[in-house]
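Step one of this worksheet: look at the structure below.
The values are calculated or read from the model by the stated rules, or taken from the named source; none is laboratory data. Remember, predicted model here, so these are calculated numbers, not experimental data. Here the Cβ positions follow ideal geometry from the backbone for every residue, glycine too, while neighbour counts run over all protein chains shown. Side chains are part of the model used for accessible areas, which takes the heavy atoms of the whole protein and leaves out ligands, DNA and RNA. Shrake-Rupley method; radii C 1.70, N 1.55, O 1.52, S 1.80 Å.
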Amino acid sequence: MTGGELDRDKLFAARLQAVRARPFLATALFALHVVESRRVPTMAVDRYWRCYVSPWFVDRTPVEELAGAWVHEVSHLLRDHHGRGDRFARQEGLTGPGERLRMNIAADCEINDDVYGDGLAAPEGAVWPGTLGLPEGKLMEEYLRLFRLGSRTQDFAWLDCGSGSDGLDREWDLGPDGAHGLSEQERDAVRFRVAQGITGRPGHAPRAWKRWAEEAFHPPQAWRDLLGAAVRSAVSGPGAGDDYSYGRPSRRSAGLPGVILPSLRRRPPRVSVVIDTSGSVSDAELGSALLEVSAITRAVGGRRDLVSVLSCDAAARVVHPLCRAEGIPLVGGGGTDLRTGFARALRTHPRPDVVVALTDGQTPWPSDRPACRTVVGLFDRPDRGSWVEDDPDYVPDSPPAWARVVNIG
Amino acid sequence: MPVSTLSALPTASQLDIAGALTTLLRDTTTEARPDTQLEALTLAVAADLPVLLWGEPGIGKTAALTQLADDLGLPLTTVIASVHEPSDFSGLPVVGDDPAEQGVPMAPPDWAVRLVRAGHGLLFLDELSTAPPAVQAALLRLVLERRVGALQLPPGVRIVAAANPRSSAADGWELSPPLANRFVHLQWTHDQDVVVRGLGGTWPRATLPRLRPERLGEAVDFARRAVCGLLAARPALVHRLPSGETRRGGPWPSPRSWDMTLTLIAFATAAGVSRDVLSLLVRGTVGDGPGLELLAAVDRLDLPDPETLLADPAAAVLPERGDLRQAVLDGVVAAVRNRLDRSRWDAAWTLLVRAVETGAPDLVVVPATTLAALRREEWDVPPSIEALTGVVSVSRRAEDAAARAAVATKGRR
């Protein structure tokens, strides 16, 4: 049937079924521009939201599998696989068509484990993480680190979802100047409308899509960067770190007798780290966060002896200077009351400029704002905000508004 | 000195030869290349709004400013904030004859005096993020109030500031939300292709947007319609303080930043720049979410009005893009439902038939079903509906396939 015409009615009936099965994807599915092409093996997309369709593939494939293919292809675009593929290739220094095939396979694994079912049938020969011996539910980047091309991927050498899936331009692509391409702004607008549709009516979309919608325009930032910025900003604010002070005359004062100019003074910040050692925080979490805090304070000029560490569960324990950080005994377990930790940290002399609290948030908080800057590193607990089965009324207090809160993990 | 003459001179000094080599290295050409971030910067500077360029050091912010200054015909003054003291920006105290009687005047630095004397210029405050907090505070007064000591900078002076992103700033530069709200935030990134071609000898040359005098009135009208239309429908977007650590120090919506957005839309429209430039400006002023909503609203302003389409369905031109076409058809059916009468109902069918003849049939299924449900008993089905049989069969095919898929997935589980 290679000489046949493209059966547009069949193709569009499949799109209609896809829209009915996944109404939140309607905008994106309708925004795709269909281009008939005899050079693609099945269906493929380019980064300008054109969808290349082989007439032979449409002829041979049942409508319900075509519907699955529609959703599969549009998922590549919504999830920005070409942009992510390009970034990954640049970071890792990957080149060549083999690597792009690997990206296509990894992107397919990311999509396929949650896209089918519930009214959509998987096309024949689709790649599943399981086929490659990989776990489900990972992202494209994670899959890319988990497998190499080899005997297991042999069957997928024909796989080609186009430049929209892996960032490698194909010779059949119409390119940025071709007709009916979407500009970057238009692509963002479509993705935004889809994301808004999902977050606006939660409950209709599967979990993976909700996660996508939440992160589509606000990708989660690395907690290390955020914690670093928060601690740096706390320790270098007025009153601590480098700043101008009238305590001593400026070197410029010689030229202006009778005038007092401020001079640049350095007062290294004192940092108290209060660590929640209740049973619910793991040693690995604490270790990584503590190392991070000490590295940051050292980088901004705090001498190591100015950083002290305080472990705290229901009662505050011993204060240790960070010089002995390698061997700080983190004692504790059981419940937490960070209020004692805060009180203890603020009682030390001289007073700290900054208190950094590392906790999982299952604790009461001080009711008043402490007399110093506060950064809270909050270990992520997936069930936070939900209720506990034995005690439906129990809601852990969220950190107070006066603290800068960074989610860790 | 040309290279050939140099080689003929065995006595040429090493420095002359070095000079010739440097000249050869400088000998580069330029090529025209659209540059959205430079166009966005140009418009924001033309509109005289405070711009903050966020970018890693060494990616060509200064080079971009040089080109912009050339193009606007303004002399460029670069001030590296981190090597100055606060008094350099708030004024250096000078002791007069009788300080108790006359006070201590705050003298401005030389570059400010020269700027004021010239009456115009482009002032670039670089490395804002590596300056101590007191210097940053003094600089913000300069950017926002345009004052250096006792000196008021004339309106012809345009100011641009640059800062390193939070993650790479060595110390804690951070904008508080009220300050962040006063800036147009532009993320400055480098394009690998541009750098590689530039080092190979060909640097890009961007044609900067020009404001067209004949479009000014239309531009203001368009900007007002876009912003007011969105804010009337979405009052929650008028003012929304950023929450959470991730978005701290970035753009967020408030009446002030919406006002800046309105200005920027007017400038972008008067210059006729692409939507991508507008998108950078709008998202850099009110943030990604509200910015994208505004851009979507702007896109909808471009869509044909349902009432116009219903008035003359035979001449209707529907958008080519599927999602926009579907939005228009839905709008038409909604308009008919709002004011239902026979002639409007018939006109809508004519439009749906046109849609099937000129595009994909699956888009028409939902509007046709809704429109059919609006029929009053006494109304006859219009003859044109014959053309929609294809739509019905597409719909039926999709239903059959969905039933098969349901059986298949159930079987697997």
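Details
- C-alpha center-to-center spacing [the stretch A:58-102, the stretch B:84-125] in angstrom: 60 Å
- FRET efficiency for the B:Asp16 to B:Leu199 pair, using the beta carbon distance and R₀ = 30 Å, is estimated at 0.75.
- Fraction of beta bridges assigned by DSSP in chain B that are antiparallel (%, nearest 5): 15 percent
- Placing unit charges on the Cβ atoms only, positive for Lys and Arg and negative for Asp and Glu, gives the stretch B:1-108 a dipole magnitude near 520 debye about its Cα centre.
- Contact order relative to length of the stretch B:1-141, as percent, for alpha carbon pairs under 8 angstrom and 6 or more apart: 23 percent
- Projecting the Cα positions of B:Gly58, B:Thr23, B:Met106 onto the charge dipole of the stretch B:1-112 (unit charges on Cβ atoms of Lys, Arg, Asp and Glu, taken about the Cα centre) puts B:Thr23 furthest along the positive direction.
- Model label sites at A:Thr95 and B:Thr62, defined 7 Å from Cα along the beta-carbon direction, differ in position by 3.2 nm.
- Accessible surface ranking for A:Asp118, B:Asp48, 1.4 angstrom probe, highest first: A:Asp118, B:Asp48.
- Between the beta carbons of A:Arg38 and B:Arg404, assuming R0 = 25 Å, the FRET efficiency works out to 0.35 to the nearest 0.05.
- Relative to the longest principal axis of the Cα atoms of chain B, the long axis of helix B:36-46 lies at roughly 70 degrees.
- Between the helical axis of B:275-286 and the longest alpha-carbon principal axis of chain B there is an angle of about 70 degrees.
- Given charges at beta-carbon only (K, R positive; D, E negative), |dipole| of chain B in Debye: 1100 debye
- Between B:Ile80 and B:Cys228, the contour length at 0.36 nm per residue exceeds the Cα-Cα span by 49.3 nm.
- Chain B: most fluctuating residue of B:Pro204, B:Pro383, B:Pro57 per GNM, C-alpha cutoff 10 Å: B:Pro383
- Value of [θ]222 nm, deg cm²/dmol, for chain B, DSSP H segments ≥ 4, -39500 (n - 2.57) each, nearest 500: -16500 deg cm²/dmol
- Efficiency of FRET between A:Asp225 and A:Trp128 - r from beta-carbon atoms, R0 30 angstrom, step 0.05: 0.30
- Pairs of Cα atoms nearer than 8 Å and 6+ residues apart set the relative contact order; for chain B it is 15 percent.
- For the Cα trace of chain B, dividing Rg by the Kirkwood Rh returns an Rg/Rh value of 1.14.
- Percent antiparallel among DSSP beta bridges (both partners in the stretch A:1-143, rounded to 5): 50 percent
- Inter-centroid distance (Cα atoms) of the stretch B:203-220 relative to the stretch B:286-324, Å: 24 Å
- The accessible surface of the stretch B:114-236, taken with every protein chain in place and a 1.4 Å probe, is 56 percent carbon and sulfur.
- Since only B:Val160, B:Ala270, B:Leu76 are under comparison, the one whose Cα sits farthest along the positive direction of the charge dipole of chain B, derived from C-beta charges on Lys, Arg, Asp and Glu, is B:Ala270.
- Within straight-line reach of A:Lys138, meaning a Cα separation under 12 Å, sit the following aspartates and glutamates at least 8 residues removed in sequence or on another chain: A:Asp108, A:Glu110, A:Asp113, A:Asp114.
- Computed over all pairs of different Cα atoms, the Kirkwood value for the hydrodynamic radius of the stretch A:1-147 is 15.8 Å.
- Computed over the stretch B:97-164, relative contact order equals 48 percent, with contacts defined as Cα pairs under 8 Å that lie 6+ residues apart.
- Between B:Glu386 and A:Leu146, the modelled label-to-label distance comes to 5.8 nm, taking each label 7 Å out from Cα in the direction of the beta carbon.
- Accessible area buried at the B-A interface, both sides summed, 1.4 Å probe (Å², nearest 100): 4800 Å²
- nm² value of the averaged projected area, convex hull over the Cα atoms of the stretch A:86-154: 4.9 nm²
- Accessible area, probe 1.4 Å, largest first, for residues A:Cys51, B:Cys228: B:Cys228, A:Cys51
- Whether the stretch B:85-178 is rounded, prolate or oblate, judged on the alpha carbon gyration tensor where a/c under 1.5 counts as rounded: oblate
- Positive-end residue, chain B charge dipole about Cα centroid, Cβ charges, pick of B:Leu363, B:Pro177, B:Leu295: B:Leu363
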